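Novice: Take a look at this one; I'll ask things after.
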Amino acid sequence: MREIHHLIGGQAVAGTSGRTSPVFNPASGEQTGRLSLASAEEVDAAVASSQAAFEEWSNVSIARRTTLMFAFRNLVVDNAEEVARRLTAEHGKVHSDALGEVARAIDNIEFACGLAEHLKGSHNEAASTGIDVYTVRRPLGVVAGITPFNFPAMVPMWMAPNAIACGNTFVLKPSERDPSAPMFIVELFQEAGFPPGVLNLVNGDKVAVDRLLEHPDVKAASFVGSTPIARYVYATGTSHGKRVQALGGAKNHMVVLPDADIELAADSAVSAAYGSAGERCMAISVVAAVGEVADPLVEAIKLRMEKLVIGDGTDSASDMGPLITREHRDRVAGYIGSAAEQGATVVVDGRDIRFDNDGFFLGVSLLDNVTAEMDAYRDEIFGPVLSVVRCETYAEAVQLIADNPWGNGAAIFTRDGGAARQFQEDADAGMVGINVPIPVPVGYHSFGGWKDSLFGDTTMYGPEGIRFYTRPKVMTARWPDPATSTVDLGFPTNE
Ligand code: NAD
């Protein structure tokens, strides 16, 4: 059994709390590791290490920080296969999805490499006679990052590179379910030559999170996870005077208008609903089918579902892997039954597929005639279940999105430019796709939803990330009148 500990001050540090959590290979159901869960004292040690590193790191030149960030970026590129292998081994996603995740992580590291540009500040000459005003952006101190299981390599890279590029030091608390990919990335970070303590990693659960949120030396926390925990993290962190950005769960709608390209819409719905077994915060979980598009669209989606191969993520034939745990798989399966009981039509039932091992597998499901009152619509399922809600009009589909408590992403499929443009305005969500089902912004824009998908003022990564990880300092400087200078500047005198 592999023992998984912490990485503090550039060293592997064995856990001492005596509390552990199992790590599984979800494709076989086997326990492959035992993770140490940090005590409050172990979190204190990680924060102390980051605090000690902060003074020096925050004064390292932009040139040096940039060189180190490029070196880190290159190491992640060179080791993308190994990061992806670890993702598949503990998360279960298929290799191509895992490589896609690493590419997104690299995208964010590359943005951080541009720190010279991001930290430029601003300057006004002669705000008043002889007075200049200028703003610089200074780091905060130690920043904590608390991340979910579904993107264990990418989400930490939404946070740590930008925070560190800005001159902060960082303590990462990854998900306890799949820690090996983030640990490997932190090792690569160390190998790139960053000073010890700039990026520490503690493994843990609520005990570690609570300590990070109340620790006086932690100045800010970035969180990504489910809505109840995001709400809790935001309330707890801010009550301790910290800056907090907490991204929560989602229920993303894809509106399909009657004029849409049905083939494109069906391909998109299938990849966006079932990719990574639906365990994506930007997964499409509801298709709002408007008018007569519903019948042909449901048929086109169903046809594609029959071709999906579900199996071990290490098998290149697999399109979709297992779910993260047995309990989560069973919970997701429960929604298929409850939807049927509440009046939905089960077009494809993922429970019908039998798998011949103990992996946490579930087939893909399609529910039609779902209504907003059903549990399958009201809850975030976070699995390979797609619901179709039939809407008579565009306005009804837009209202459905507006009435939903989440507002992460929303997409529209149409050939009509006017309708698409109107949807940009009407969609009550933070990220909008036009004939794009999963509109995750590139690293030089920022990511974040609205409503119960985000607690806090700033979204994550990109320019908003830089704003979150820095505080402005504004200088107002009065310069002596050059005519009174003690150095002879060659001005004519009155004599
Ligand atoms: P989760 O909320 O269970 O866990 C997230 C983190 O919080 C983990 O590090 C975990 O250890 C910690 N945690 C769990 N329970 C806690 C508690 N009681 N107190 C303090 N900390 C606690 O989420 P998950 O199951 O790992 O991830 C899936 C969820 O994350 C989904 O809801 C998904 O939509 C969401 N998510 C959102 C985004 C986004 O950008 N909005 C991105 C990815 C995932």
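Novice: Can you find, among Ser17, Ile262, Ser49, the residue sitting farthest towards the positive end of the charge dipole of the chain, where Lys and Arg contribute +1 and Asp and Glu -1 at Cβ?
Specialist: Ser49
Novice: What does the charge count around Met475 come to, taking other residues whose C-beta lies under 13 Å from its C-beta (Lys +1, Arg +1, Asp -1, Glu -1)? Present the calculation step by step, with values, prior to reporting the outcome.
Specialist: On the way: positive: Arg137, Arg138, Lys473, Arg478; negative: Glu125, Asp132.
Around Met475, the charge tally is +2.
Novice: Let me ask something else about it. Taking only Cα atoms of the chain, what ratio of Rg to Rh do you get with Rh as the Kirkwood inverse-distance radius? Could the numbers behind the result be given before it?
Specialist: On the way: Rg = 25.1 Å, Rh = 24.0 Å.
Taking Rg over the Kirkwood Rh, I get 1.05.
Novice: In whole Hz, with x marking every Gly and Pro, tabulate ³J(HN,Hα) for region 401-417 from phi via Karplus 6.51 cos²θ - 1.76 cosθ + 1.60, θ = phi - 60°.
Specialist: Result, rounded to whole Hz: 5, 5, 7, 6, x, 8, x, 6, x, 8, 10, 10, 10, 6, 9, 8, x.
Novice: Another question about this same structure. With a cut-off of 15 Å, note down the residues of region 440-454 whose backbone N falls inside the zone around a label point 7 Å from the Cα of Thr238 toward its beta carbon.
Specialist: 450-454
Novice: In square angstrom, what is the accessible area per residue of region 426-488 with a 1.4 angstrom probe? Write down the numbers at each step before the final one.
Specialist: Details: 3370 Å² over 63 residues.
Heavy-atom SASA per residue in region 426-488 reads 53 Å².
Novice: Also, I was wondering about something else. Which trypsin sites (Lys or Arg not before Pro) in region 251-344 sit in a loop by DSSP (not H, G, I, E or B) and have at most 11 other Cβ atoms within 10 Å of their own Cβ?
Specialist: Values: sites: Lys251, Arg280, Lys302, Arg304, Lys307, Arg326, Arg329, Arg331; in loops: Lys251, Arg280, Lys307.
Answer by residue number: Lys307.
Novice: Quick one: accessible surface of Glu125, probe radius 1.4 Å, all protein chains present, in square angstrom to the nearest 10.
Specialist: Here the residue's solvent-accessible area equals roughly 150 Å².
Novice: Would you please put 269-275, 332-338 in order of how densely packed they are, using the mean number of other Cβ atoms within 10 angstrom per residue and starting with the highest?
Specialist: On the way: 269-275: 24.3, 332-338: 18.7.
Sorting 269-275, 332-338 by mean packing, highest first, produces 269-275, 332-338.
Novice: Would you mind working out the magnitude of the charge dipole of the chain relative to its Cα centre, with +1 at each Lys and Arg C-beta and -1 at each Asp and Glu C-beta, to the nearest 20 Debye? Before the final figure, lay out the partial values.
Specialist: Numbers: 40 positive and 63 negative charges, 254 e Å.
It works out to roughly 1220 debye.
Novice: Sticking with this structure for a sec: What lysines could a cross-link reach from Lys173, if we take a straight Cα to Cα line under 27 Å and drop same-chain neighbours fewer than 8 places away?
Specialist: List returned: Lys93, Lys206, Lys219, Lys242, Lys251, Lys451.
Novice: Determine the calculated [θ] at 222 nm for the chain from helices alone, applying -39500 (n - 2.57) to every DSSP H run no shorter than 4 residues and normalising by the residue count; nearest 500 deg cm²/dmol. All intermediate terms of the calculation are to be shown ahead of the outcome.
Specialist: Numbers: 16 runs with 187 residues, N = 495.
Helix-only estimate at 222 nm: -11500 deg cm²/dmol.
Novice: So if each residue of separation counts as 0.36 nm, and I subtract the Cα-Cα distance between Val487 and Gln422, what length gain in nm does that give? Could you put the intermediate results ahead of the total?
Specialist: Details: separation 65, 0.36 × 65 = 23.40 nm, distance 6.38 nm.
Taking Val487 through Gln422 to full extension adds about 17.0 nm, to one decimal.
Novice: So how do Glu299, Glu191 rank on accessible area, 1.4 Å probe, biggest first, that is with the largest at the start?
Specialist: Order by accessible area, largest first: Glu191, Glu299.
Novice: Explain nothing, just the number: dipole magnitude of region 252-434 about its Cα centre with +1 on each Lys and Arg Cβ and -1 on each Asp and Glu Cβ, in debye rounded to the nearest 20.
Specialist: 280
Novice: Separate question: For Ala40, what charge total do you get from the other residues with a beta carbon under 13 Å from its beta carbon, if Lys and Arg give +1 and Asp and Glu give -1? Before the final figure, lay out each step's value.
Specialist: Working: positive: Arg19, Lys173, Lys206, Arg211; negative: Glu41, Glu42, Asp44, Asp205, Asp210, Glu214.
Value of the local net charge: -2.
Novice: If eta is 1.306 mPa s and T is 10 °C, what Stokes-Einstein diffusion coefficient results for region 252-434, Kirkwood Rh from Cα pairs, in µm²/s?
Specialist: On the way: Rh = 16.4 Å.
After rounding, the answer is 97 µm²/s.
Novice: Here's a follow-up. Once the other residues with Cβ under 14 Å from the Cβ of Met460 are scored (Lys, Arg +1; Asp, Glu -1), what is the net sum?
Specialist: On the way: positive: Arg104, Arg243, Arg467; negative: Asp107, Asp457, Glu464.
Neighbour charge sum, excluding Met460 itself: 0.
Novice: Taking all protein chains in place and a 1.4 Å probe, what share, in percent, of the accessible surface of the chain do carbon and sulfur account for?
Specialist: Numbers: 10370 of 20270 Å².
Roughly 51 percent of what the probe reaches on the chain is carbon or sulfur.
Novice: Please work out the FRET efficiency for the pair Asp375 and Val77, using the Cβ-Cβ distance as r and a Förster radius of 56 Å; give the result to the nearest 0.05. The partial results should precede the final answer.
Specialist: Working: r = 43 Å, r/R0 = 0.77.
E(calc), rounded to 0.05, equals 0.80.
Novice: Whole number in Å², please: accessible area per residue of region 236-362, 1.4 Å probe, ligands, DNA and RNA not counted. Can you show the working numbers first?
Specialist: Details: 4920 Å² over 127 residues.
Heavy-atom accessible area per residue stands at 39 Å².
Novice: Which whole-number percentage describes the relative contact order of the chain, with Cα contacts under 8 Å and a sequence gap of 6 or more? Mind showing how you got there, number by number?
Specialist: On the way: 1161 pairs, mean separation 88.3, N = 495.
Here the relative contact order equals 18 percent.
The values are calculated or read from the model by the stated rules, or taken from the named source; none is laboratory data. Model, not experiment: these values are computed from the prediction. Note: ideal-geometry Cβ built from the backbone for every residue, glycine included; neighbour counts use all protein chains shown. Just the protein is used for accessible areas: all its heavy atoms, side chains included, with ligands, DNA and RNA removed. Shrake-Rupley method; radii C 1.70, N 1.55, O 1.52, S 1.80 Å.
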